[in-house]
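Visitor: If you scroll down you'll find the structure; I have some questions about it.
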Amino acid sequence: MKIYKAYKFRLYPTNDQRGFINRTLGCKRFVYNYYLNYLKDNNGINRFDLHKDLPKLKEENEFLKEVDSTVLCSAVDDLCKAFNDYYAKRKGYPKFKSKFSKQSYRTSCIRSRYKEKEYSNIEVDLLTKNIKLPKLGKVKIRGYRDKDKINGKILNATISKETTNKYYVSVLVEEDILIEKVTPTTIVGIDLGIKDLVITSDGIKYSNPKVLMKFEKRLKRLQRKLSRQVKGSKNYLKTKEKIARIHAKIKNYRKHYLNNIANEIVDEHDIIVTENLLVKDMFKDKRKAFNKSLSDACVSTFLSLMEWKCKIKGKIYYKINTYYPSSQICSHCGYKNSKLKDLSIREYDCPECGSHNNRDINASLNILLGATG
């Protein structure tokens, strides 16, 4: 089975390489914004027309010739994709790129053969911790200490500059892997919540670390400080970077925690059953505290991780109906109690059979039963 997998490394460019990366980011941003402005006044222009016009733009702006040509082509492709998402009502109208937010550019891997030897403009050497990139040459990298090499065919590389002023490269690889189908012997139902992030039908609870709340006071203090400073000044940029570093720390903590939970559950069970949650609709709740807690829990990210890990490990991932009332049904007798819509009720006795139920564990059992029968 062929899969696409991305390997992300931290980049350590020299001063010259850092300058070239910044110039490349500027050229990509210029092309994107130029054609976005152009399309506002010219309807009916397609992707082919924009690519056809690109050489003319390069002639008018000599600095565009300094960077990798595939980067400028990818800028046009990204703009066309943004418009396709807008017309399909998946996203809003495309916005102009800013140099003060996260920036990235994508370069394609080009291969050639000369005298029975293969050459590639993107190569990763994990033994010497270097990556060869177009126009940049060899750049030091860090990451994946447990690997000796990357298997598969490299398709492209995305170089990004975070708001923390750190540089990363993500290498997209096409791998041909053999996935052995597992004979199911164990099954688990999973309920997702705010107080406890994951509750399994085995009675195991994984707490919600609420990472954002741990850094909330520090973030508020720095954001107040930022609002008092002169926009664009050196102190303003320093404070902005401090805020960005805290957000990066929160993001990395969540990612590590969710990966650990997903790996543990998928490794121990052959069939995983979850709810098919409509997370976007859940954010329509008018309670700000609930929305903040839901955002901090990263429920959607966790479900995507579970689905991906089940796919590559040959496990079965199943979603039950979105509107299945898993919290309202007694897992012992099947009685439906509509009063349990109140989220403040965490434990209760079933009025039909008298069994004592924990709200979250009961819901996970119902999710499991909903898949099996």
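Since every read-out is calculated from the coordinates, none of them should be taken as a lab result. Not measured: the values here are computed from a predicted model. Cβ placement follows ideal geometry from the backbone for every residue including glycine, while neighbour counts extend to all protein chains displayed.
Visitor: Just need log10 I(q)/I(0) for region 2-176 at q = 0.19 Å⁻¹, Debye formula, equal scatterers on the alpha-carbon atoms, no solvent, rounded to two decimals.
Guide: Rounded to two decimals, the profile gives -1.34.
Visitor: Next question, about the same structure. In terms of the Cα gyration tensor, with a ≥ b ≥ c the square roots of its eigenvalues, is region 69-111 rounded because a/c is under 1.5, prolate because a/b exceeds b/c, or oblate? Walk me through the intermediate numbers first.
Guide: On the way: a/c = 2.95, a/b = 1.45, b/c = 2.03.
It comes out oblate by the Cα gyration axes.
Visitor: Also: Under the rule a/c < 1.5 gives rounded, and otherwise a/b versus b/c splits prolate from oblate, where does the chain land using the Cα gyration tensor?
Guide: Details: a/c = 2.05, a/b = 1.65, b/c = 1.24.
Prolate, since a/c reaches 1.5 and a/b exceeds b/c.
Visitor: Still on this structure, I have one more. Hey, can you rank 267-277, 107-117 by average C-beta count inside 10 Å, highest first? Write out the running numbers ahead of the final one.
Guide: On the way: 267-277: 18.6, 107-117: 11.4.
The densest-packed peptide leads the list: 267-277, 107-117.
Visitor: Separate question: For region 158-309, just say rounded, prolate or oblate: build the C-alpha gyration tensor, square-root its eigenvalues into a ≥ b ≥ c, call rounded for a/c under 1.5, and beyond that prolate if a/b exceeds b/c, oblate if not.
Guide: Working: a/c = 2.88, a/b = 1.61, b/c = 1.79.
Here region 158-309 falls in the oblate category.
Visitor: Out of 304, 256, 222, whose Cα points farthest toward the positive end of the dipole of the chain (charges: +1 Lys, Arg; -1 Asp, Glu; placed on Cβ)?
Guide: Projecting each Cα onto the dipole axis, the largest value belongs to 222.
Visitor: Suppose every K and R has +1 on its Cβ and every D and E has -1 on its Cβ; what is the size of the dipole of region 2-176 about the Cα centre, in Debye to the nearest 20?
Guide: On the way: 39 positive and 22 negative charges, 124 e Å.
So the dipole magnitude of region 2-176 works out to roughly 600 debye.
Visitor: In whole Hz and in residue order, list the ³J(HN,Hα) couplings for region 61-71 that follow from phi through the Karplus curve 6.51 cos²θ - 1.76 cosθ + 1.60, θ = phi - 60°; x for Gly and Pro.
Guide: Running phi through 6.51 cos²θ - 1.76 cosθ + 1.60 with θ = phi - 60° gives 10, 4, 5, 5, 6, 6, 9, 4, 5, 5, 5 Hz.
Visitor: Let me ask something else about it. Return the long-range amide H neighbours of residue 355 (sequence gap of 5 or more, or a different chain), with a cut-off of under 5 Å between placed amide H atoms.
Guide: Residues meeting the criterion, in which the H sits 1.01 Å from N, are 350.
Visitor: Shifting gears a bit: Net charge near residue 77, counting Lys/Arg +1 and Asp/Glu -1 over other residues with Cβ under 9 Å of its Cβ? Provide the component values of the computation, followed by the final result.
Guide: Working: positive: 47, 81, 106; negative: 78.
For residues surrounding residue 77, the net value is +2.
Visitor: Sticking with this one: Bins of 10 Å, beginning at zero and ending with the bin holding the largest distance: percent of Cα pairs per bin for region 118-193, please.
Guide: 14, 37, 21, 18, 10, 0
Visitor: Could you please state, rounded to a whole Å, how far the C-alpha centre of region 307-373 is from the C-alpha centre of region 7-23?
Guide: 49 Å
Visitor: At 222 nm, what value in deg cm²/dmol follows for the chain if DSSP H runs of at least 4 each add -39500 (n - 2.57) and the sum is divided by all its residues, to the nearest 500? Kindly include the intermediate steps, with their values, before the conclusion.
Guide: Numbers: 9 runs with 155 residues, N = 373.
It comes out at -14000 deg cm²/dmol, rounded to the nearest 500.
Visitor: Within the chain, which cysteines find no other Cys whose Cβ is under 4.7 angstrom from their own?
Guide: Isolated Cys, the chain: 27, 73, 80, 109, 298, 310.
Visitor: Taking the beta-carbon count within 10 Å as an exposure proxy, list 258, 126 from fewest neighbours to most.
Guide: Working: 258 23, 126 18.
With the sparsest Cβ surroundings first, the list reads 126, 258.
Visitor: Place the peptides 82-89, 313-320 in order of packing, highest mean first, counting for every residue the other Cβ atoms within 10 Å and averaging per peptide.
Guide: Values: 82-89: 12.2, 313-320: 16.6.
Descending mean neighbour count gives 313-320, 82-89.
Visitor: A further question follows. Tell me, what HN-Hα J-couplings in whole Hz come from the Karplus equation 6.51 cos²θ - 1.76 cosθ + 1.60 at θ = phi - 60° for each residue of region 82-92, using x for Gly and Pro?
Guide: 4, 5, 4, 5, 5, 5, 7, 6, 8, 9, x
Visitor: If we sort 12-20, 127-135, 36-44, 190-198 on the protection proxy, mean other Cβ atoms within 10 Å, highest first, what's the order?
Guide: On the way: 12-20: 14.3, 127-135: 16.1, 36-44: 10.8, 190-198: 20.9.
Order by mean packing, descending: 190-198, 127-135, 12-20, 36-44.
Visitor: What pairs in 89/251; 166/311; 91/132; 56/242; 40/238 have C-alpha atoms more than 30 Å from each other?
Guide: Numbers: 89/251 28 Å; 166/311 32 Å; 91/132 35 Å; 56/242 42 Å; 40/238 36 Å.
Correct reply: 166/311; 91/132; 56/242; 40/238.
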